[in-house]
Amino acid sequence: MSKPLAALGMFIFSPDTGSFEELERRWKFIWAKPDPIGGPPVKQWMGPGDQTLIIKGGIWPEIQPSGSWKMEAIAARAGSGQPMTLILSSGRVLGRWCVEEIFKKETEFVNAGPGTAMEFSINLSRYSGASSLWPF
């Protein structure tokens, strides 16, 4: 088994089971822009906004058969309303995240079977509830 790239809860991303090619992280910061009477607009710091992550990758069921069920399993877990902890292979814990959207596209169909290539994208937002990292 190859070295994992990351884990989202109990779901491992590795070259053997489906990996990702992109990890995009965004931070938003909130600035109010009140329009004072008789003066120019002034920006006022309101605090940090939402953090989002987008994980994009691919799974090739012929060479990664255990990865073909992964998106459905992540969707089932996300449907339970439970945030998941994201840990990178370096050991860095990025915290708990809520799965907001999963995109899966299958291509290269052969003999009316499943697609032989699968692209996916998982959109996550930072969980701001209880600070505990458990349960995964």
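None of the figures in this text is laboratory data; all of them are computed from the coordinates on show. These figures come from a predicted structure and were not determined experimentally. Cβ sites come from the backbone with ideal geometry, for glycine too, and all protein chains shown count toward neighbours.
A few remarks follow.
- Annotation: the residues VAL42, VAL99, sorted from fewest to most other C-beta atoms within 10 Å of their own C-beta, follow the order VAL42, VAL99.
- Overall form of the chain: prolate. Here a/c, set by the Cα gyration tensor axes a ≥ b ≥ c, is 1.5 or more, and a/b is the larger of a/b and b/c.
- Taking GLY91, GLY49, GLY38 as the candidate residues, the one with maximal mean-square fluctuation in a Gaussian network model of the chain, Cα springs under 10 Å, is GLY38.
- Taking the helices alone, the chain has a mean residue ellipticity at 222 nm of -2000 deg cm²/dmol, built from -39,500 (n - 2.57) per DSSP H run of at least 4 residues and averaged over all its residues.
- Under a Gaussian network description of the chain, with springs only between Cα atoms under 10 Å, the residue in PHE20, PHE29, PHE120 that fluctuates furthest is PHE29.
- Applying 1/(1 + (r/R0)^6) with r as the Cβ-Cβ distance of VAL42 and SER128 and R0 = 35 angstrom yields a FRET efficiency of 0.80.
- Overall form of the range 1-48 per C-alpha gyration tensor (a/c, 1.5; a/b vs b/c): prolate
- Count Lys and Arg as plus one, Asp and Glu as minus one, and take only other residues whose Cβ is under 15 Å from that of MET46; the net charge is then +2.
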